[in-house]
1. Between A:E285 and D:E27, how high is the FRET efficiency from 1/(1 + (r/R0)^6) when r is the Cβ-Cβ distance and R₀ = 51 Å? Nearest 0.05.
2. Quick one: Karplus J couplings for the stretch A:88-93, per residue in order, coefficients 6.51, -1.76, 1.60, θ = phi - 60°, nearest Hz, x for Gly and Pro?
3. Rounded to the nearest 500, what is the 222 nm mean residue ellipticity of chain A from helices alone, with -39500 (n - 2.57) per DSSP H run of 4+ residues and division by all residues?
4. Can you compute the charge dipole magnitude of chain E about its Cα centre, using +1 on each Lys and Arg Cβ and -1 on each Asp and Glu Cβ, nothing else charged? Give it in debye, rounded to the nearest 20.
5. For A:V85, enumerate residues with amide H under 5 Å from its amide H, sequence gap 5+ or separate chain, H modeled in the peptide plane.
6. State which entries of A:K99/B:K39; A:K243/C:K39; A:K105/A:K183; C:K39/D:K39; A:K249/A:K269; A:K183/B:K39 exceed 19 angstrom in Cα-Cα distance in the structure shown.
7. Read phi for every residue in the stretch A:260-265 and hand back ³J(HN,Hα) as whole Hz from Karplus 6.51 cos²θ - 1.76 cosθ + 1.60, θ = phi - 60°, with x for Gly and Pro.
8. What nm value, rounded to one decimal, do you get for the distance between A:D119 and B:A55 when each label is placed 7 Å out toward the C-beta?
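The values are calculated or read from the model by the stated rules, or taken from the named source; none is laboratory data. This structure is a prediction, so every number in the text was calculated from the model and none was measured. Please note: Cβ atoms are built from the backbone with ideal geometry, for glycine as well, and neighbour counts cover all protein chains shown. Surface accessibility is based on the protein's heavy atoms, side chains included, excluding ligands, DNA and RNA. Shrake-Rupley method; radii C 1.70, N 1.55, O 1.52, S 1.80 Å.
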Amino acid sequence: MSAERKTKTIPDWKREEVDDIVGMLDSYESVGIVNIAGIPSRQLQDMRRELHGSAELRVSRNTLLKRALAEADLDVLSEHVHGQVGIIGTNDNPFGLFKTLEASKTPAPIGAGEIAPNDIVIPEGDTGVDPGPFVGDLQQAGAAARIMDGSIQVTEDSTVLEAGEEVSQVLANVLTELGIEPKEVGLDLRGVYSDGVVFSPEELEIDVDEYRADIESAVAGARNLSVNAVYPTAQTAGILLGKASGEAKALGIHAAIESPDLADDLVAKADAQLRALAVAIDDEEALPEELRDIEVPE
Amino acid sequence: MEYVYAALILHETGEELNEDNLTAVLESAGADVEESRVKALVAALEDVDIEEAVAEAAAVPAGG
Amino acid sequence: MEYVYAALILHETGEELNEDNLTAVLESAGADVEESRVKALVAALEDVDIEEAVAEAAAVPAGG
Amino acid sequence: MEYVYAALILHETGEELNEDNLTAVLESAGADVEESRVKALVAALEDVDIEEAVAEAAAVPAGG
Amino acid sequence: MEYVYAALILHETGEELNEDNLTAVLESAGADVEESRVKALVAALEDVDIEEAVAEAAAVPAGG
Amino acid sequence: MEYVYAALILHETGEELNEDNLTAVLESAGADVEESRVKALVAALEDVDIEEAVAEAAAVPAGG
Amino acid sequence: MEYVYAALILHETGEELNEDNLTAVLESAGADVEESRVKALVAALEDVDIEEAVAEAAAVPAGG
């Protein structure tokens, strides 16, 4: 079924809508499909406003989205169009888009019967709730709780539900009472197309700490190479000088070279040897007063 | 690590750390550049203070 | 340090560590390449096992 | 390391740390002097306070 | 320390560690060479494995 | 302390560590030698591996 | 180290630290005394406050 024929069979408003979406798809470097299920429309408006300038969000009927994707040669994204979704476009790169969307997510309460998206933990600490039946609710929900100092306290971080499990009525009540909002609500990226490649959200999640660690180890490795290969740079010349002078000093002390620069160290070394030998001598009578009872260094 | 080294070169020369520049450095070294890795690196480095990471690396001897 | 990074990129990509390649990498990063420093680097690395030299911790002055 | 040792000798004797003096010291010791390495060393040491670098190393305990 | 540095240079270049060579290196660096110190240095280093003594410096943990 | 240093000298020169030798060294340095202390030291060192004991001190960082 | 030990013995017995005394102590211990090392040591210790050098070394925590 060619787009040509379809064009003639759909009403004008749909035609315009599709053309609009195609225009949007064409105007961005990266376009993706986001899941918007469960986001109240007011919050969706807020998010759209927040994204303004970095990304554009558009919601339409799924049939029209699919048609637009087909016309823009983006069929590869069609598989993500199901349920309540939107199209997002940006000139940022997909990793940046993912980061932006994750950052815009807000915590939300979870209700009874919902599936936990991640482990739910009730943290250790004073709940601030007066002693009463709530301590029993906490315990029933799986938290280590007791009454202490006139209030209900959670005695250790307690994982009360694991990701994928269903929230019970008791737990939902407890979480509400404690103000714990375990859900992250926001635009959930299902897939992004950019420069010929479709990225899944898993691929887009960047571990910044890992990159930081990589940089540090790259810098350290380069410095090592510079020093070990004796290729001085502005950053490593000082280290090389220090290394060379340390080597000279080690040689001088080892060989007991009579140099004014080493005299202090040689005297110190002789003294250290004297003390070391004294430590090895069991008979106190054999030692002068100052060398008795020397603590054996750890 | 060539991607990270490329980023560090650009950092030293003061050039912008963007996809085009990274790709250029890597290609000049004969690397098969994976666009997605370049993209990921650029995005990741937006959140990394390279100056600070370099200073920190300098303070600690690299593991032997 | 960009010269050292350039050497490390070439080492990673498996390209030969010679003056031309080093210069190409540095120029691609917008560096003002000094021929003598490139030459010195090639000379310094001639008999060096880069893998090993990178892994071996260099002495760091206190308070570095 | 002979290049670095040569720099330190000049520092100790109070002679200027330039290419000619470094080359002279190295040649007197029978070294095959590479001009580029001499140049690179002089350039790298330009902004380094040798006194300080040596003192810092001395603060680190020297092996016996 | 210039005497010790001079010894280390000769060790690196593989030249013999004798009075003449030490004196030549020190003079090339503009030092006022004291014959007795040169003699003493040669004597002190006679039975010393310089490689090993220097390696001891490397074995010292680098300050943080 | 001079008694113990005298023992260390004899250890270095390879002379036997006996009462006569210790006394000779101490007297050469102008010390008033106490026979009983010399005896006690010789006896005490009989069971000591001086090389080993001293080597431990070598691990002691020399003050900078 | 026998030269240094000999110097410290003289320091302990309060005798003057000169070439003759050092030589006497070393010879009494059967050492082959090298005049140049004796000279160099006396010169090197000229400006050293031995008491202080020992005290400073003691202040450094002794490594095991």
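1. Calculated transfer efficiency: 0.25.
2. 10, x, 8, 9, 6, 7
3. -14000 deg cm²/dmol
4. Its charge dipole is roughly 240 debye.
5. Correct list: A:I36.
6. A:K243/C:K39; A:K183/B:K39
7. x, 6, 10, 4, 4, 5
8. Each label point lies 7 Å from its Cα, and together they span 3.5 nm.
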